[in-house]
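Have a look at the structure below, then the notes.
The values are calculated or read from the model by the stated rules, or taken from the named source; none is laboratory data. Predicted model, so just to flag it, every value in this text is computed and none were measured. A quick note on method: Cβ atoms are made from the backbone with ideal geometry, for glycine too, and the neighbour counts reach across all protein chains shown. Heavy atoms of the whole protein, side chains included, go into the accessibility calculation; ligands, DNA and RNA do not. Shrake-Rupley method; radii C 1.70, N 1.55, O 1.52, S 1.80 Å.
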Amino acid sequence: MTMKLRVFFLTVVLFFPLVASADDDHHGGRKHLPVVSSDTYASSCGSCHFAYQPGLLPSKSWVKIIDEPNAHPGGALSFDDKTKAELKNYLTQNSAENSGSKRSMKIMNSIGSDTPVKISKIPYIMHKHRDIGQDVFMRKAIGSRGNCIACHKSAGNGVYDDDDVVIPK
């Protein structure tokens, strides 16, 4: 085997696995958020609204939402202690600062020391939606800024890419 052929072979063997993981961004993070993996969270919270991926908020926000009676944007939560503990554990372990997703990293960089309880109020998210008028969010098919799944058709799979957006009329 010639030297050129060996170099080519090593390049293919060593370099192409890196290209195959192009789903990762240059900061080392995954492109998409991990899907919701807690049945308790999916059924407890997802029964009233879209079960947002934990990586969309920092742990201190999730703790505030679970522990403080008036912090949850939809009103007070009524879970037994066991369910609260399970939810808090899942949400904090998978929160934005504990996620490897590049979107979570951008969220963390944008909030500073704030403790947002609404994903739609996160500076990074607000910036991403800056060109969409309030009237669009009030359309019957959308309802509010918090209804991510109305426009981000693959949000349940952790995909919030711009090219995956379909804004209902």
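Using per-residue counts of other Cβ atoms within 10 Å, averaged over each peptide, order 154-165, 93-104 from highest down.
Ranked by mean Cβ neighbours within 10 Å, highest first: 93-104, 154-165.
Might you tell me the accessible area per residue for the range 50-165, computed with a 1.4 Å probe and given in Å²? Walk me through the numbers on the way to the answer.
On the way: 6130 Å² over 116 residues.
Here the residues of the range 50-165 average 53 Å² of exposed surface.
Give the lysines reachable from K82 as a straight Cα distance under 24 Å; neighbours fewer than 8 places away on the same chain don't count.
Straight-line reach from K82, under 24 Å: K60, K64.
For S101, enumerate residues with amide H under 5 Å from its amide H, sequence gap 5+ or separate chain, H modeled in the peptide plane.
R30
Which entries in the list K31/K153; K106/K128; K88/K153 go over 19 Å, if you measure between the two C-alpha atoms of each?
K88/K153
Which net charge results for the neighbourhood of D81, defined as the other residues with beta-carbon distances under 12 angstrom from its beta-carbon, given Lys and Arg at +1 and Asp and Glu at -1?
Within the 12 Å Cβ shell, the charges total 0.
Rounded to a whole number, what % of the accessible area of the range 82-153 do carbon and sulfur atoms account for, probe 1.4 Å?
Percent of accessible area from carbon and sulfur atoms in the range 82-153: 49.
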